[in-house]
1. Enumerate the strands (runs of 3 or more DSSP E) found wholly within the range B:343-409, keeping only those where 1 or more residues are touching a helix residue (DSSP H, G or I) at 6+ places or on another chain (Cβ under 7 Å), at pLDDT below 90 and not assigned by TED's automatic domain parsing to the domain that holds residue B:209.
2. Output the number of the condition that residue B:170 fails; it satisfies all remaining conditions of (1) buried (at least 20 other Cβ atoms within 10 Å of the Cβ); (2) within 8 Å of another protein chain (Cβ to nearest Cβ); (3) within 20 Å of the chain's Cα centre (by Cα).
3. Might you let me know whether the range A:228-244 holds any residue that is away from chain B (no Cβ under 14 Å) and over 26 Å from residue A:74 (Cα atoms)?
4. Would you please name the residue that is surrounded by the most Cβ atoms within 10 Å (Cβ to Cβ), looking only at residues in the range B:253-269 that are under 18 Å from residue B:186 (Cα atoms) and touching a residue at least 40 places away in the same chain (Cβ under 8 Å)?
5. Here is a list: B:125, B:138. Which entry is out of contact with any strand residue (DSSP E or B) (no Cβ under 6 Å at 6 or more places or on another chain), more than 8 Å from chain A (Cβ to nearest Cβ) and more than 30 Å from residue B:172 (Cβ to Cβ)?
6. Return the total of residues in the range A:34-68 being in contact with a strand residue (DSSP E or B) (Cβ under 7 Å, 6 or more places away or on another chain) and without any contact (Cβ under 8 Å) to a residue 40 or more places away in the chain.
7. So for the range A:271-287 (the condition being part of a helix (DSSP H, G or I), assigned by TED's automatic domain parsing to the domain that holds residue A:165 and either touching a residue at least 60 places away in the same chain (Cβ under 8 Å) or more than 30 Å from residue A:134 (Cα to Cα) (or both)), does at least one residue qualify?
């Protein structure tokens, strides 16, 4: 209980002679001059798998990311719910790639690509030359033109996003406990999740478990099991990319967990904590203390930059339309993989923005670059769909495999197995498994810290800039 | 790689009709009227152990904390070094106390104590009446009157402090990797830890392990094993509260790890990244990219408030001087336990600010309150010193037991055992043990995320205030 507020810590206020004295490095020299330079922008699934595939190739790989870690995004919703810590699902990029001697990791923010000079520019003024460029920067969430909703309805793309969701969810319960006003209590115990895709379903299901099980004995002035959790989906069913029967089962499973699922419903306005819903011609409003955003994606800027510099075309979400080998039609040594790529040479729709697509695309491009060094090539990229899955809650998931559809406990078990299997590759397996086992047995969520709010970007740049 | 910056998320900018409409609750009603009300301020070791001891007593307990979790502070330095995640060493207070039906947890910030009316006031306007009050709010770090140093040299008291240290340490390596200026590289790879007590020794030792082992293969343009790590202590030896032979051993162990230990040395100025040192009459300066503060404690404000309201006396660090039963001489129903209490009825110096003292004091006061309800009392508080310990690094620690002094591997093993034993009580055992086992075997530190900077306080108040 400090009563004297501690001064805010910020190096930004301090003059920094060490960092200000020095001229920036202009061109980052290769570690091994003469080797073909492969530059990868983005250390998500697409970029990291490309880098790993190039580990034994006779090239020099430079992986550029704004952050120093790879994030296992499929489990980010568990950080938002306090079930896992950020460290459990993040792996330091340097650690993952440290044994790969031909690869360096460069922390920085790309601000330009020059396809003629074959180099990328960083915000701090440095440039990195490339022979082949792989762009794997992903998408950000989209508020359908209402960016002002971002303040009220945080999305879920970064660790900071997840911690902000966690902060709001647990603070809502604390505030509800603290007030004696019944209307306000009701508002604070109302949670709206916008978007019925996999992320929305996972958030709604795990929030329902939190309110109905984990927290049920933790408060004295509220009944957390009386919380309202609404999942709002514009289409006629949740999990639209899944077969209708799996959507129906997910819908039923969510309702059994206590989630109110509203399909064919649109959020038309968010004003403070008042949400306006439109279902057909019917318009209604409700008060919700917490709104979580799980709808819509858009190009965060890299797609636009690439289009501008290379003449590449984009779809209406801003994804870059790539050739059958994932290169740009205008520059065959620039590739786009993962969520930012629109690959439409297989069916009439772009491939879904999920980890397996990004991994396969990253690996394909890495192999293609190696082939080209030998003046060979590869057949067109083809996505091997090994199935898709979404988890709803404890013992409940839906799995759509090419040869089978699973629901309930078997689906949940497959979901668990697949995630542990993939996590093995990033050394977090042990921690997540232990935490899951502990959570499963105790139904406690040990990581439900309400930590301070994050409002400023960290920048790690060439230590001479500015 | 977003090139378009995402708008900062802040609810502060959004008008909030739900939260603004409502009148604050003035007095928080007891759950069970008529029961003696015990109010505990602070959920650290002192407050939490008092609350647990009162679990079966015929009283109603209200534990007030600004945060929603108990923090296992002895391992906070491992969060700063990326070895553990905050969630691993934090336990939600509600979770720890949920089975204790006579106890409620109240998240809020105490701004006043009225010993005549017997009530405490929270920042949001609420008041909570008490029959007995236990103040266990701890101490904050102290820059010896140079609060401006806080920006350059973060201390280690909160989760946010640890994340700030982690951010700076790993960002320093990234910046060093990014620059080609040899002078700047050298500055960025220089780390100064101010204060040679247990926290300073733990930070220096684990930072040396990080630079010399964990990160040694992770960079391509710097050699992390060339990092300079300086530990600055004003007294003539490190770990001053320990016997001289253990201090000497800790000194030798640190040097073996590659730490430069400077005793009888004072930091007389910090200007940007230039540190001025005074050793005897000799004054020198050095450039250090990162300075970590582990020296000095002071009353964060609660001690002053108590002194003001009750006439209690304080020592020169601001600790409240308590009677032989840990109550205030002026108000026998107000107790101070833990770091904020100055108990001098046992030797001429106050008891050290360590967890075992706080635990024993918390339990003692809880038992005394129960006794008094039966019109009985307890003999004066007596601290049972079961030994003190400080860890230096892998296989190196010093342990001072009443009957033996241990160093090296046996001391390290005792340190490990004791920490695991205490963690068992807060359900994080499994996670920390697993993470430790993984770290021990792989020497990786999986939680070395550079996350965004925290600059704004979260407040969870009665949801009607403001």
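1. Working: elements: B:388-393, B:396-400, B:405-407.
Output list reads B:388-393.
2. Tallying (1) buried (at least 20 other Cβ atoms within 10 Å of the Cβ); (2) within 8 Å of another protein chain (Cβ to nearest Cβ); (3) within 20 Å of the chain's Cα centre (by Cα), residue B:170 fails exactly one: (3).
3. no
4. The first filter runs over the range B:253-269 and keeps only residues under 18 Å from residue B:186 (Cα atoms), leaving B:258-260.
Applying the additional criterion that residues be touching a residue at least 40 places away in the same chain (Cβ under 8 Å) yields B:258-259.
Details: B:258: 19, B:259: 27.
For the range B:253-269, the residue satisfying everything is B:259.
5. Numbers: B:138 fails: more than 30 Å from residue B:172 (Cβ to Cβ).
Matching residue, one of B:125, B:138: B:125.
6. Number of matching residues: 0.
7. Filtering the range A:271-287 for residues part of a helix (DSSP H, G or I) gives none.
No.
Yes/no matrix, rows are residues, columns are (1) under 21 Å from the mean Cα position of the chain (by Cα); (2) in the same structural domain as residue B:289 (by TED's automatic domain parsing); (3) closer than 22 Å to residue B:156 by Cα:
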position	(1), (2), (3)
B:181	no, yes, no
B:185	no, yes, no
B:192	yes, yes, yes
B:198	yes, yes, yes
B:204	yes, yes, yes
B:209	no, yes, yes
B:224	no, yes, no
B:228	no, yes, yes
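The values are calculated or read from the model by the stated rules, or taken from the named source; none is laboratory data. Please read these numbers as outputs of a predicted model, since none were measured by experiment. As a convention, Cβ positions derive from the backbone with ideal geometry for all residues, glycine included, and neighbour counts pool all protein chains shown.
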